[in-house]
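Trainee: Got a structure for you, written out below as structure tokens; questions coming shortly.
The values are calculated or read from the model by the stated rules, or taken from the named source; none is laboratory data. Please read these numbers as outputs of a predicted model, since none were measured by experiment. Please note: Cβ atoms are built from the backbone with ideal geometry, for glycine as well, and neighbour counts cover all protein chains shown.
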Amino acid sequence: MVVIKVADINVYYDSYEALSNVTLSVNPGEIISVIGPNGSGKTTLLKTINGIIKPLKGSVYIDGRNIYEYTRREIAKIIGYVPQRENVLGYVTVLDFVLTGRRPNVRYTYGKTDVEKAYEALRVVNCENLVLRRLDQLSGGELQRVLVARAIVSEPQVLLLDEPTSSLDPKYQVEILELVKKLSRSRGISVIMSLHDLTHAYRYSDKVIALKKGKVVTMGPPKEVITEETILKVFDVKARVIRELEAVIIENTI
């Protein structure tokens, strides 16, 4: 199982510093949630870990090897990525779409093994009944599960999820997070996901990282990071943290 280390990275968009001196480690089978207000650097961090964005300073390491020593095909075998916004072709069937996640494992064309792996991934996310359905015929929750299926079909060891519960109703939010937790525990997949819902971050994380203006404010177990003091500092809102329920209630802005 791989260990990912982010070592003192700085990322710029032109003159704007999106991430500043960010350092963290991700252990096998660990679920990490990244929290912070809009523009805090959550998406940038995920893209940097995936090798999409190259930091001006510092680097990302996979098992001690600089990520830029890997080919994109090698990275895609190790890391499954579900971006916040995915442009999908509505007329494509679920099976064909999930098969595209096998590209890192295929040299010429998809074979029997690839189709079997696609069916297996869809079974894992409870979408095997949608195999022949077109993407534009899916509900939001169904599409999100299919996106996860495509991300895991190459059997990655790390899963990056950028706001996987956005635009979903509460039922599907919980379904997706329970699925992510199940994948992590049953397959030993390390998960790094950005979340807006602090209650979800509390309940579904082994570790939480709080970002503000590209800097790490604090990181650690949920009960140590998701506190009323940290929420006020990071989000500029007053909140009540109910420990026995692992829940956060936002009360008002300052």
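Trainee: What about Val180, is it within 27 Å of Lys57 (Cα to Cα) and either at pLDDT 95 or above or touching a strand residue (DSSP E or B) at 6+ places or on another chain (Cβ under 9 Å) (or both)? Walk me through it before giving the result.
Mentor: Details: within 27 Å of Lys57 (Cα to Cα): no; either at pLDDT 95 or above or touching a strand residue (DSSP E or B) at 6+ places or on another chain (Cβ under 9 Å) (or both): yes.
When the stated conditions are applied, Val180 does not pass them.
Trainee: Now a separate question. For Val88, all conditions in the list (1) touching a residue at least 40 places away in the same chain (Cβ under 8 Å); (2) more than 18 Å from Leu19 (Cβ to Cβ); (3) loosely packed, with under 14 Cβ neighbours inside 10 Å hold save one; what is the number of the exception?
Mentor: (3)
Trainee: Just the residues that are in contact with a helix residue (DSSP H, G or I) (Cβ under 7 Å, 6 or more places away or on another chain) and over 19 Å from Leu211 (Cα atoms), please, taken from segment 244-253. Please lay out each step first, then the result.
Mentor: Initially, segment 244-253 is screened for residues in contact with a helix residue (DSSP H, G or I) (Cβ under 7 Å, 6 or more places away or on another chain), giving 246-248.
Across segment 244-253, the qualifying residues are Glu246, Ala247.
Trainee: Of everything in segment 167-214, what is under 15 Å from the mean Cα position of the chain (by Cα), among the polar types (S, T, N, Q) and farther than 26 Å from Ala239 by Cα? Give them in sequence order.
Mentor: Ser184, Ser190
Trainee: How do the pairs read when you match residues in segment 38-58 that are surrounded by fewer than 22 Cβ atoms within 10 Å (Cβ to Cβ) with residues anywhere that are modelled with pLDDT under 95 and of a type in the set (Lys, Arg), using Cβ under 7 Å and keeping only pairs 6 or more apart or on different chains?
Mentor: Short answer, once both residue conditions are applied: none.
Trainee: Residue pairs, Cβ under 7 Å, 6 or more apart or interchain, first in segment 168-190 and closer than 13 Å to Leu143 by Cα, second assigned to a loop (DSSP other than H, G, I, E, B). List them.
Mentor: As it stands, the answer is Gln173/Thr165; Ile176/Pro164; Ile176/Thr165; Ile176/Leu168, since those pairs meet every condition given.
Trainee: Of all the residues that make up segment 56-99, how many are of a type in the set (D, E, K, R) and in a helix (DSSP H, G or I)?
Mentor: Going through segment 56-99, the residues of a type in the set (D, E, K, R) turn out to be 57, 63, 65, 69, 72-74, 77, 85-86, 96.
Next, from what is left, pick out any that are in a helix (DSSP H, G or I): 69, 72-74, 77, 96.
Of the residues in segment 56-99, 6 are of a type in the set (D, E, K, R) and in a helix (DSSP H, G or I).
Trainee: Follow-up. Can you tell me which of Arg150, Arg123 is charged (D, E, K, R), part of a helix (DSSP H, G or I), at pLDDT 90 or above and within 20 Å of the chain's Cα centre (by Cα)? If you could, list the steps in order and put the result at the bottom.
Mentor: Working: Arg123 fails: within 20 Å of the chain's Cα centre (by Cα).
Result: Arg150 is the single residue among Arg150, Arg123 that is charged (D, E, K, R), part of a helix (DSSP H, G or I), at pLDDT 90 or above and within 20 Å of the chain's Cα centre (by Cα).
Trainee: Also, I was wondering about something else. Answer with yes or no whether Val82 is at pLDDT 90 or above, of a type in the set (A, V, I, L, M), crowded, with 19+ Cβ neighbours inside 10 Å and touching a Phe, Trp or Tyr at 6+ places or on another chain (Cβ under 7 Å).
Mentor: Values: at pLDDT 90 or above: yes; of a type in the set (A, V, I, L, M): yes; crowded, with 19+ Cβ neighbours inside 10 Å: yes; touching a Phe, Trp or Tyr at 6+ places or on another chain (Cβ under 7 Å): no.
Criteria not met by Val82.
Trainee: If Ala247 meets every condition in (1) crowded, with 17+ Cβ neighbours inside 10 Å; (2) touching a Phe, Trp or Tyr at 6+ places or on another chain (Cβ under 9 Å) apart from one, which number is that one?
Mentor: Among (1) crowded, with 17+ Cβ neighbours inside 10 Å; (2) touching a Phe, Trp or Tyr at 6+ places or on another chain (Cβ under 9 Å), Ala247 violates only (1).
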